[in-house]
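The values are calculated or read from the model by the stated rules, or taken from the named source; none is laboratory data. Nothing here was measured: the structure is a model prediction, and the numbers come from that model. A quick note on method: Cβ atoms are made from the backbone with ideal geometry, for glycine too, and the neighbour counts reach across all protein chains shown. All accessible areas refer to the heavy atoms of the entire protein, side chains included, with ligands and DNA or RNA removed. Shrake-Rupley method; radii C 1.70, N 1.55, O 1.52, S 1.80 Å.
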Amino acid sequence: MTTPERLPFSTDAAHQPLLRLLLAQDGSATRLCEALAQRAITVHLQFQRRTTDVPASVLAQLGGSVWLERATTLHANGVVLMDNLSYTRLDAVPDWFLAGLDAGTTPIGHLLDRLPIQREDLSLADDIAARLWPHVGLPDTRAAKLYRISTGDGPLMLVMETFRAGWTSAVHG
């Protein structure tokens, strides 16, 4: 497999409405990727590990004592659409959900479809962003967002999404 091209989100004025839409949406970015690519996307697992060592922002937003830290790249048609970093509170996640994450090939958006959830946008946290950039090699905070996912039982996940130029090339050919 060839490595998909990873470029920062375009700064062209013509692409700014798309970036504002992506940053404002509060649904499944995975589903948006698939709609844009007009096919299933490929998930590349950068890393996934169970940990007790998380950034202070994760502890403050999720609570708990053990988390699953997972970084993924979603790509299609030879270009990266987004890079993601998530933290899942292991004492709050159903077994079937964790099994899906452990497989390493299922986008989180597909798993979340089975849960009654609420998303809450948060300010991007530097300590979380600093954990993603070394793995994807391209910092871009202006095209990134952070949100918390909760169920009726409380906080479940913290997700950072960083949108890449694959979106603009797919939309504008």
*Name the residues in the range 102-113 that are within 13 Å of the chain's Cα centre (by Cα) and at pLDDT below 80, would you?*
Thr106, Pro107, Ile108, Gly109, His110
*Go through (1) open to solvent by 70 Å² or more (accessible area, probe 1.4 Å); (2) over 26 Å from Glu120 (Cβ atoms); (3) at pLDDT 80 or above and name the single condition Gln38 misses.*
(3)
*So which residues in the range 131-163 are under 18 Å from Met82 (Cβ atoms) and among the small types (Gly, Ala, Ser)?*
Gly137, Ala143, Ala144
_With the requirement that a residue be exposed (fewer than 15 other Cβ atoms within 10 Å of the Cβ) and small (Gly, Ala, Ser), what does the range 91-136 give you?_
Ala99, Ala103, Gly104, Ser123, Ala130
_Failed item, numbered, when Pro155 is tested on (1) over 20 Å from Arg31 (Cβ atoms); (2) exposed (fewer than 15 other Cβ atoms within 10 Å of the Cβ); (3) not acidic (Asp, Glu)_ = (2)
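If you check Thr72, Thr88, Thr141, which single one turns out to be among the polar types (S, T, N, Q), without any contact (Cβ under 8 Å) to a residue 60 or more places away in the chain and open to solvent by less than 40 Å² (accessible area, probe 1.4 Å)? Walk me through how you get there before you give the answer.
Numbers: Thr88 fails: without any contact (Cβ under 8 Å) to a residue 60 or more places away in the chain; Thr141 fails: open to solvent by less than 40 Å² (accessible area, probe 1.4 Å).
So the residue among Thr72, Thr88, Thr141 that is among the polar types (S, T, N, Q), without any contact (Cβ under 8 Å) to a residue 60 or more places away in the chain and open to solvent by less than 40 Å² (accessible area, probe 1.4 Å) is Thr72.
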*Within the range 13-35, track down each residue that is open to solvent by 40 Å² or more (accessible area, probe 1.4 Å) and touching a residue at least 40 places away in the same chain (Cβ under 8 Å).*
Ala14, Leu23, Asp26, Arg31
*Out of the residues in the range 114-148 that are more than 13 Å from the chain's Cα centre (by Cα) and hydroxyl-bearing (Ser, Thr, Tyr), which is nearest to Ala24 (Cα to Cα)?*
Ser123
